[in-house]
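Read the structure below first, then the notes.
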Amino acid sequence: MQEYQEHRRAAPAQKHRPLIVLTGPTAVGKTKLSLSLAKAVNGEIISADSMQVYRGMDIGTAKIRPEEREGVPHHLIDILEPEEEFNVVSFQKLAGQAMEDIYSRGKIPVLVGGTGFYIQAVTNAVDFTESETDTEYRRQLERFAAEYGAAALHKKLEQADPQAAAAIHENNIRRTIRALEFHRQTGGRISEHNAVQRSHDSPFELYYFVLTAPRETLYQRINQRVDEMLAAGLAEEVRTLRERGCARSLVSMQGLGYRELYAWLEGELPLEAAAEQIRQNTRHFAKRQLTWFRREKQVIWLDKSEFDYDDGKILAELCGRLPQGWCVS
RNA sequence: AGGGGUAUCUUCCAAGGGUAGGAUGCCGGUCUCCAAAACCGUUAAUGAGGGUUCGAAUCCUUCUACCCCUG
């Protein structure tokens, strides 16, 4: 094992193309820092954000406006209508294309965003297998679960893939369905597939930075940002989407802020209650993000409190961590 | 000042004198095709002091805090 790692390290690094990731919990300040980082390495930004891909969802996703981009090219923002589906596989494909594009210009891609799963799909080049999603089969299983219960559905998985069944809680219908779908499409077991995928290393010369801050600070920033979003007209943004016909069940309408205000527009709760839910759900989300990043290997944590919350100091640290020559300015 | 009422996890609500329980929050975790999603777990309380009783959140009593009514 030791030898193997030594060997890998000694292997020619030029085969691995450079990739920088800048992520962290929501509202920690990624966007602002990403601009100076991208400029420092003469890179281009690829948004790793499951919601910023949607046009017309600007306020609630804290999207950077074109005039704020300071000339840094941004990819994968505003590429879909809110009615369209989006998922990791699509993201992986599009991000891959954007990266080729950026490499062809001799520049470094900087993945910036808070969707850990999407980042992982790129940094680890996860193979999601060729097969397309089988919507029909998924619906069928959903109906089955609704009728006979989650436990009955889970029983099916025990037959097909006992390992996966052991790993997936029976209440987690969504993942149970995915495992069953995988089995039906490939005849194999997703548990084995995942184990293989987990084992391989990143094909990139990867620098994976996680920006963070003490929990209290983070929560304060979240609460404050939600208020700012509301003041900036988030409710109107959601109303517009709803009135143009966006259904509640859309993936885009599951976004933080959108879901809660949609419920408010439906008259299900008062505005202040919706606002409080947005704050709380966002705090929960930040916590889940941190849990995700803790699991990821080879991440470099940067706690803002250790740099006096000074982006200049943090940038200096970032450049210090990168190989010589990456930071050009 | 007098009269009445209420005190149980962060909060809300349970527990006919017999193992203090649930929801929520907090915290932690899972995750390889909806991931801003979906799901799981842990923790935590009888306001304080006396008394009755084999045994008290529960009955009695004093104190404290809060609420209501009267002046």
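Brief remarks on what is shown
- In a fully extended conformation the segment linking residue A:201 and residue A:225 would gain 5.0 nm over its present Cα-Cα distance, using 0.36 nm per residue.
- Gain upon complete extension [residue A:65, residue A:158; 0.36 nm per residue less C-alpha separation]: 28.6 nm
- The stretch A:32-150: projected area of the alpha-carbon convex hull, averaged over directions, in nm²: 9.4
- Per chain A, cysteines lacking a partner by the 4.7 Å Cβ criterion: A:246
- In this structure, residue A:329 and residue A:148 have a Cβ-Cβ separation that, at R0 = 56 Å, corresponds to a calculated FRET efficiency of about 0.35.
- Residue exposure sequence - A:291, A:217, A:212 - by fewest surrounding Cβ within 10 Å: A:291, A:217, A:212
- The calculated FRET efficiency for the pair residue A:321 and residue A:125, based on their C-beta separation and a Förster distance of 22 Å, comes to about 0.45.
- Listed residue pairs exceeding 24 Å between alpha carbons, taken from A:107/A:304; A:93/A:156; A:32/A:313: A:107/A:304; A:93/A:156
- A cut-off under 12 angstrom between Cβ atoms defines the neighbours of residue A:274, and their net charge, with Lys, Arg +1 and Asp, Glu -1, is -3.
- Note on residue A:171 and residue A:32: the model spin-label points, each 7 Å out from Cα along the C-beta direction, lie 3.9 nm apart.
- Debye log10 I(q)/I(0) at q = 0.10, 0.12 Å⁻¹ for chain A, Cα point scatterers: -0.68, -0.98
- Residues residue A:248 and residue A:137, FRET efficiency given R0 of 22 Å [Cβ-Cβ distance, rounded to 0.05]: 0.35
- Charge sum, other residues only, whose C-beta stays under 12 Å from residue A:241's C-beta, Lys/Arg counted +1 and Asp/Glu -1: 0
- Ordered by the count of other Cβ atoms within 10 Å of each Cβ, fewest first, A:204, A:285 give A:285, A:204.
- You can think of it this way: the chain between residue A:263 and residue A:85 has 62.0 nm of extra reach, that is 0.36 nm per residue less the Cα-Cα gap.
- Applying Stokes-Einstein at 4 °C and 1.567 mPa s to the Kirkwood radius of the stretch A:132-246, computed over alpha-carbon pairs, gives a translational diffusion coefficient of 71 µm² s⁻¹.
Just so you know, all these numbers are worked out from the coordinates, no wet-lab data involved. Just so it is clear, the structure is predicted and the values come from calculations on it, not from any experiment. Ideal geometry is used to build each Cβ from the backbone, glycine not excepted, and the neighbour counts take in all protein chains shown.
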